[in-house]
1. So, of the residues in the stretch 183-207 that are within 21 Å of GLY130 (Cα to Cα) and of a type outside the set (S, T, N, Q), which turns out to be surrounded by the fewest Cβ atoms within 10 Å (Cβ to Cβ)?
2. What single numbered condition from (1) at pLDDT 95 or above; (2) in contact with a Pro (Cβ under 7 Å, 6 or more places away or on another chain); (3) closer than 29 Å to PRO157 by Cβ fails to hold for SER5?
3. Please state which one of LEU294, LEU299, LEU318 is modelled with pLDDT of 95 or more, in a loop (DSSP other than H, G, I, E, B) and more than 18 Å from SER369 (Cβ to Cβ).
4. May I ask you to list pairs of residues, at least six apart or on different chains, whose Cβ atoms are under 7 Å apart, with the first in the stretch 258-285 being farther than 17 Å from SER324 by Cβ and in a helix (DSSP H, G or I) and the second being aliphatic (A, V, I, L, M) and modelled with pLDDT under 90?
5. Any residue at all in the stretch 391-412 that's touching a Lys or Arg at 6+ places or on another chain (Cβ under 8 Å), among the polar types (S, T, N, Q) and free of Cβ contacts under 8 Å to residues at least 60 places away in the same chain?
6. Would you confirm whether any residue within the stretch 139-156 is part of a loop (DSSP other than H, G, I, E, B) and under 18 Å from the mean Cα position of the chain (by Cα)?
7. Would you be able to say whether some residue in the stretch 357-372 is part of a helix (DSSP H, G or I) and of a type outside the set (A, V, I, L, M, F, W, C)?
Amino acid sequence: MASLSRENNIEATIPSTEQNEGVTLYIIILNVGAVRWSVKQRYNAFADLHDKLVSNHGVARDLLPPKKIIGNKDPTFIERRRADLELYLQTIINFMHHALPRELAEFLDFQHYELTHLLQSLARYCFLEGEKLLHEGQPVSFTPLQLHAISYRLKNPLPTNVASEQETDFSHVVDFISQVRHLVIEGSNQCLRASNIIQNNLAYTLNTFKSVERLTLKNASVSQLGHLGAVRRTTKYLEVKNSGMVHMSDIFLCDVVYKESVEGSDPYRWSMLVDVDVSYNRITHIDESVALALNVEKLNISSNKLSSVECLTKLPNLVSLNLSNNLFSTLEDMHTKLGNVVHLDLSQNSLSSLKGLSKLYSLSSLNVSTNNICEISEVSHLSRLPCLETLILTGNPVATIVDYRTKVLELFGQRASEICLDNERPTQRELEFVAVLQAIRASREGRLPTLSISSPLPITSGTLSFVPPDLATAVSESSSN
């Protein structure tokens, strides 16, 4: 990583130019250690820089190649000026490398790529804006490069060849990040700006974050997280998206060399964690590391590569589970794998049967939309779930059957009026039709018909009153099933 030191000198060249809307831009190439980046500047920017260096740092005024008004677009002149500006730049860097001033560092974009100047820019931001951000409670975003720089600075002293000011003191950064409550880490697998830096290849730690309650990683590689520090003990909400995770241990044990489960081990326990979102990754199975987050109540593993469920019984407080957009094709004895889940989302999978859900007696809402459920009879596996109130089946082939809603509701018997099907409560007419279908079913089974389904609307009379539907049609449709 770029860091000014005796081992990493600054190499600067201006190998070429380009034209942009009639303006000549001089392309500066910087190398500091293994890091390389480019900066494009016009001659006027060089002139502005030179004026500051002359005024503030004693640079000789005649060092910069002079301006030329006539003929400054001539290729021969541009080539000569390019060579002169390269010599100028190399001269002032050689002269000022012992204490690189802010004007020169920002002209060369050191604040974007070189660790020390990046930290000075961050310290200045924390000094000026930190208190306001903390007071407003807004999410605070860091890049892996910034976190890498912080981690590097904690292990190394400030280089002697960097000018420092009171407002760029590193203590401003430490004080600020120790109070951050919502930390967002935004990574990338692309080269940073005009450099060869790939941020997701940079290692970093979170040792100095003492107050984080909500941790969000977006496109950031969890494999580069070297130490979580106090984050495990304080985080309540964890979100890791598009981070390439394959196993749950990739985040729960991200800073452990060997990722085997350490169940019951206090140093690795996520004691405050209640809400976990690891959607949009590549998770293939749920491993035992989830036991490190015993208090989790809500878990979102949607948009991954799961085809089965394991280890979730180790989460005794889990009530909401999102498994949508995975690779489930069958479900077997889910009551032995999910515990007392109340809200379950299995939408956008490849399920053809609901039998495996038949004993999830604590289930209150179920979303199985956009699967491959073809038969009304599959709903019968859910009809005896005593707490089920919300069922979403839309997007399945079954939803195209004539009078699909009333046929589904009829399977729930006297609880038909309590079921919210596809986000809609039963209408009065649907309940009347359901009562007819139930009477027909009772007659076939030799039972006494019961037409006492509760209406979702107030009824003033003591008996159920309705306009009878076409009984012949109901019998015909019922017979077809």
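The values are calculated or read from the model by the stated rules, or taken from the named source; none is laboratory data. Here the structure is a predicted model, which means the values were calculated and not measured. Don't worry about glycine lacking a Cβ; one is built from the backbone with ideal geometry, like all the others, and counts go over all protein chains shown.
1. Step one: of the stretch 183-207, the residues within 21 Å of GLY130 (Cα to Cα) are 183-186, 205-207.
Add one more test, that the residue is of a type outside the set (S, T, N, Q), and what stays is 183-186, 206.
Details: LEU183: 22, VAL184: 18, ILE185: 25, GLU186: 15, LEU206: 26.
Ranking the qualifying residues of the stretch 183-207, first place goes to GLU186.
2. For SER5, the failing item is (1).
3. LEU318
4. That search, which allows pairs on different chains as well, returns TYR268/VAL256; TYR268/VAL262.
5. Start the filter on the stretch 391-412 by keeping residues that are touching a Lys or Arg at 6+ places or on another chain (Cβ under 8 Å), which leaves 401, 410.
When the remaining residues are screened for being among the polar types (S, T, N, Q), the result is none.
No, there is no match, as no residue in the stretch 391-412 is touching a Lys or Arg at 6+ places or on another chain (Cβ under 8 Å), among the polar types (S, T, N, Q) and free of Cβ contacts under 8 Å to residues at least 60 places away in the same chain.
6. Within the stretch 139-156, the subset part of a loop (DSSP other than H, G, I, E, B) is 139, 143, 156.
Next cut, under 18 Å from the mean Cα position of the chain (by Cα) only: 139, 143.
Yes, the conditions are met somewhere in the stretch 139-156.
7. Here is the first cut: in the stretch 357-372, the residues part of a helix (DSSP H, G or I) are 357.
Then drop every residue that is not of a type outside the set (A, V, I, L, M, F, W, C), which leaves none.
For the stretch 357-372, residues part of a helix (DSSP H, G or I) and of a type outside the set (A, V, I, L, M, F, W, C): absent.
Residue-by-condition table, conditions (1) at pLDDT below 95; (2) among the basic types (Lys, Arg):
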| residue | (1), (2) |
| --- | --- |
| ILE29 | no, no |
| ALA34 | yes, no |
| GLN41 | no, no |
| ALA45 | no, no |
| LYS68 | yes, yes |
